[in-house]
1. Given Cβ point charges of +1 (Lys, Arg) and -1 (Asp, Glu) and nothing else, what value in debye, to the nearest 20, does the dipole of the chain about its Cα centre take?
2. What distance in nm separates the two pseudo spin-label positions at Asn434 and Ala48, each 7 Å out from Cα along the beta-carbon direction?
3. Between Gln392 and Gln461, how many nm apart are label points set 7 Å from Cα along the C-beta direction?
4. Which one, Ser346, Leu447, Val252, projects farthest toward the positive side of the charge dipole computed for the chain from Cβ point charges (K/R +1, D/E -1)?
5. When we measure straight from the Cα of Lys271, which lysines land under 18 angstrom away, once same-chain ones fewer than 8 places off are left out?
6. With an 8 Å cut-off on Cα pairs and a minimum separation of 6 or more residues, tell me the relative contact order of the chain in percent.
7. Determine which lysines satisfy two conditions relative to Lys44: a Cα distance under 23 Å, and not lying fewer than 8 residues away in the same chain.
8. So what is the relative contact order for the range 145-277, in percent, with contacts set as C-alpha pairs under 8 Å and at least six apart?
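Only the coordinates and a few stated rules stand behind these numbers; no lab work does. Since the structure is predicted, the reported quantities are computational estimates derived from the model, not experimental observations. Here the Cβ positions follow ideal geometry from the backbone for every residue, glycine too, while neighbour counts run over all protein chains shown.
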Amino acid sequence: MTRRELLRLLAAAGSAPLLAPWAHALAPADDWLAQFDAATPDWKAGFANLSGDLPPVRATVRGRFPDALSGTFFRTGPAGHELGGERYHHWFDGDGMTQRFAIDRGEVVHQGRFVATPKRVAEVRAGRRLTEAFGTVPRGSTPPDSPDSMNVANISVLPLGGELLALWEGGSATRLDPRTLETRGLKTWRPDLAGLPFSAHPKVDPDGTVWNFGVGSGKGLLVLWEVAPDGALRRADGVPVTDLSMVHDFAVTDRHLVFLMPPLIYDAERKKAGASFLDAHVWRPELGMRVLVIDKKDWSKRQTLALPAGFLFHLGNAWSEDTAGGTVIHLDYVRSADATSVFTSSREVMRGRRVRAPEPQLTVVTLNLGTGLATQNVLPLEAEFPRIDPRQVGLRHRHVLHATGVLDARPGFTAIARTDIDRGTSERFVYGPNAMVEEHVFVPDGLGAGWVLGTVLDLAQKKTVLSCFAADALGSGPVAQATLPYALPLGLHGVFVAA
Ligand SMILES: [Fe+2]
């Protein structure tokens, strides 16, 4: 079978294996909703359900947002955790809501709107869950007949071609109106590619070229995408990978696509036996962390290197240099010893329980393509949601912005840090034990140091707060803050779009 035929098969069947359309009718009723309602920790606000859209409302602003921040900060995350008296069992299951923070002449207006995915529309209409989710098999639900039947568009957003794309891991991008957040439908890049996975962590080169991938779990195929700055598809193809991992993010250099593949491997037999998509994955540390490097120009040129087994969601950045011994790629990622966080911690929060997992640590990697040797240095620094200056994607970078500061008592992070990965030193702002820190992004400002923009859930006020810092003076605290009149459940990723 040719690669093109494989790709067609994947587009037609989706990345999930074809399954008999039985319903999970025999699953026992569960009491997760009652357990969550009865739980007492204040942090459970981070995993609370939103039942409807949030119309535009003006935030209370303290300080002044710099002119460079005139524009819109979009974020997204799971927000529809409950329906029909049942609660999902995993943080990543919930229907995606897109948040829109419009910053204009000292005012900040917030709006939140659920992405009207086919799944959400059908389930809200029915008043109950109809289809499986990433980590939950709801009672009476049906296995997915395609990835998009599970797609909840709840991970990230990408502005492209005048639209905002709401992204999920295993299915199509969903097109939104960036002004109203109205859902326009699934993105089809080319008719024969409809339904192929377009993952949630595309990388945008400084020239605007968009690179992305998708994992066809049941077919052992890694789909690659190259999209022009205007949103026109340049290339899409599939690369066969044996024992394909759960891959959430990747990195690019000026010349390479780089995939870290943790040994969390999809097992179709488990899925057929009724496991959720997540639970169909098996931790196989004997495979190590495979590193797949693909030539950006010629996707048939590939090299695989090996790192010790470990788990990750996110990479910061990668860049390449030519040395006497050949090409060397430098990259950083946030490494956990294993996948406990996704299997256990991110589940138990949904019933108000805190279960600690090995914390992700900022890790610096060197890949020597000449010798085929990969080495890594795990920094003694808890980190998640790594972001860099968008002008440095694929190029030499020095600073990574990330959440940090873990507490025993509750999930999440308490501080934001800007770490110099050459020296291993950080400047940080500690929001404190009452804050659940979300992803912060870097916003360039001409030749200056730029700004840092991000949200926290303030558990003391029970409100979500948007903060802006000078990027080179994080420790001085926010220069401006906008407090919403309500708390949003914790989200995942965001992007700032200048006016
Ligand atoms: Fe992510």
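1. Its charge dipole is roughly 540 debye.
2. The modelled label-to-label distance comes out at 1.5 nm.
3. Roughly 3.0 nm, to one decimal.
4. Farthest towards the positive pole: Ser346.
5. Lys219
6. So the answer I get is 15 percent.
7. Hits, sequence-local ones excluded: Lys462, Lys463.
8. About 15 percent, as a whole number.
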